[in-house]
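Take a look at the structure below.
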Amino acid sequence: MVTKLSSSFMSDFKLHKNITFNISIMKILRKHRDDGDEGRRRFLQKPLIVFNVSMIEALLYDFHKRIKWNTREGVAGLPMVVIDYIRRKQIDKLETLIASSKKHDLFGTAGSTFYDDLDQLRRIRNRMHIQNEKNDFEADDHKAFSEDRLILSERALEWVILTLEDKYSRPENTYTAAFELPWDTYFP
């Protein structure tokens with residue numbers, strides 16, 4: 001049960017390698033979760049959500065960095081007004097990456113809850129700090145890092161990869177290996 005997704009949209013090869021490394025860790029955690037009892041399944045939801053959202057952040061960061069710095073290659077499919085906006089701004093944290101993506105509807109999901117879901121995932125990822133000083137979500141970690149939020153994080157990660165590949169792949173990029181996510185595809 002693996003979903004293999006092309007990654008020709010990536011521009012930072014070291015970041016691609018790091019994402020692939022983190023997917024390898026996630027595969028091991030996912031296997032332990034899938035083979036475990038209900039308690040183990042619940043315990044491993046938090047690190048899996050954190051991994052998924054961290055990879056979403058890395059993908060959005062790479063894409064914005066590509067827009068900003070790859071001036072010769074450019075980014076096909078993006079209006080110049082969007083490219084100019086991103087090049088003028090400091091967009092390097094998950095909150096600003098999501099806001100920029102939403103402002104320009106980079107994922108073609110206007111009218112859906114996709115960007116709100118990304119923001120919810122950002123907030124739950126930040127909840128990895130156990131003290132929960134912002135009182136985000138349920139007070140108990142085992143409730144906040146739920147099965148539903150794990151599925152949401154998996155779906156969002158897969159959608160981000162699929163969309164970046166479909167809409168913004170790099171011309172003739174054969175240097176980056178496909179990402180192999182440890183679940184059956186949510187988007188057949």
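The values are calculated or read from the model by the stated rules, or taken from the named source; none is laboratory data. It should be emphasised that the depicted structure is a prediction, and the values quoted were computed from it without experimental measurement. Every residue, glycine as well, gets a Cβ built from its backbone with ideal geometry; the counts of neighbours run over all protein chains shown. Surface areas here come from the heavy atoms of the whole protein model, side chains and all, with no ligands, DNA or RNA. Shrake-Rupley method; radii C 1.70, N 1.55, O 1.52, S 1.80 Å.
Computed values, structure above
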read-out	value
Nearest-ten-degree value, helix 45-69 long axis tilted from longest Cα axis of the chain	10
Cα gyration tensor shape of region 50-113, rounded if a/c is under 1.5, else prolate or oblate by comparing a/b with b/c	oblate
Qualifying GluC sites (Glu not before Pro) for region 35-141 [loop in DSSP, other Cβ within 10 Å: at most 13]	73, 133, 138
Region 7-63 versus region 108-152: alpha-carbon centroid distance in Å	16
Neighbourhood net charge (14 Å Cβ-Cβ; Lys/Arg +1, Asp/Glu -1) for residue 64	+3
Neighbourhood net charge (14 Å Cβ-Cβ; Lys/Arg +1, Asp/Glu -1) for residue 126	+2
Label selected from (1) 113; (2) 145; (3) 123, the criterion being volume of the Cα convex hull per residue in Å³ as computed here	(3)
Accessible area per residue, Å², region 1-138 with all protein chains present, probe 1.4 Å	55
Residue order for 2, 50, 160 - accessible surface, 1.4 angstrom probe, largest first	2, 50, 160
